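Input: a single structure, listed below in C-alpha cells.
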Amino acid sequence: MKRNTLLALTLFMGFFALNSTAQEKKQKASPPASVKETTSSGVTISIDYSQPSVKGREIGKEIAPYGKVWRTGANEATTFEVSKDVKIEGKSLPAGKYGLYTIPGEKEWTIIFNKTWKQWGTDYAEKDDALRVTVKPEKSSVATEQMTFKIDKSGKVTLLWGDKSVSFRVK
C-alpha cells in the first residue's frame, strides 16, 4: 500500500513539475531568436536576442524611448559576437562576445557594444562599453511586428522593428 501511494505521489509531482516548466516556456513574452552569418571576408557574426513585439506601441515613446539606453531586445542582454577583430562603422572592435545596447533617436541611433554580455538586459553599465558608433535609422518599407536582426554576406547588420530599419557595417 505504501509503495503504491509513494508511486502515485511521485507521478503526480512529476506531472506538475513538467507542466509548470512547459507553461513557463509558453508564457515567455518575447521569444528567443538568433542569427549567424559568415561574411565574405571570413568573419562569423552571431546575435542572440529576444524578440519584443510592437503591439501597437510607438517606438521612441512607449517602447525603446528616444535618448535613453535600451537593451535592444527583451529579457537577457542581447549578445553580439564576432570571430575576428573587426571594424564597425570604421572603428575597431576586438574579436569576442558583447552585450548589444542602443540609444534610439529620431535622426540617429547609437549602437553600443558592452564588455559585459552575460547579464539581465537592464543591468547596463557605461563604464564597460567597448565601442559606440552612431548610425542613421531609415523607415522600413515593411512593418516588422517582432524585432528581428538580419546579417548579410557583406557584413551589413540590420535591426528591423516596427517601421524602423537600423543598420551598421562590420568589416
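Laid out as a table, the results:
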{"quantity": "Environment charge of D152, counting only residues whose C-beta is closer than 11 Å and scoring Lys/Arg +1, Asp/Glu -1", "calculated": "+3"}
{"quantity": "Residue-count net charge about T78 - beta-carbon cut-off 13 Å; Lys, Arg +1, Asp, Glu -1", "calculated": "-1"}
{"quantity": "Listed pairs K87/K127; K61/K139; K36/K91; K139/K171; K68/K107; K36/K164 exceeding 19 Å between Cα atoms", "calculated": "K87/K127; K36/K91; K139/K171; K36/K164"}
{"quantity": "Length added when fully stretched, K55-E108, from 0.36 nm per residue minus Cα-Cα", "calculated": "16.7 nm"}
{"quantity": "Nearest-0.05 FRET efficiency for T38 and D123, computed from C-beta distance (R0 30 Å)", "calculated": "0.45"}
{"quantity": "Order of D129, D152 under a 10 Å beta carbon neighbour criterion, fewest first", "calculated": "D152, D129"}
{"quantity": "Packing-based ranking, highest mean first, of 138-147, 112-121 given that Cβ atoms within 10 Å are counted", "calculated": "112-121, 138-147"}
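A short reminder: the numbers here are calculations on the coordinates, not readings from a lab. Quick caveat: nothing in here was measured; it's all calculated off a predicted structure. Reconstructed Cβ throughout: ideal geometry from the backbone, glycine too, with neighbour counts over all protein chains shown.
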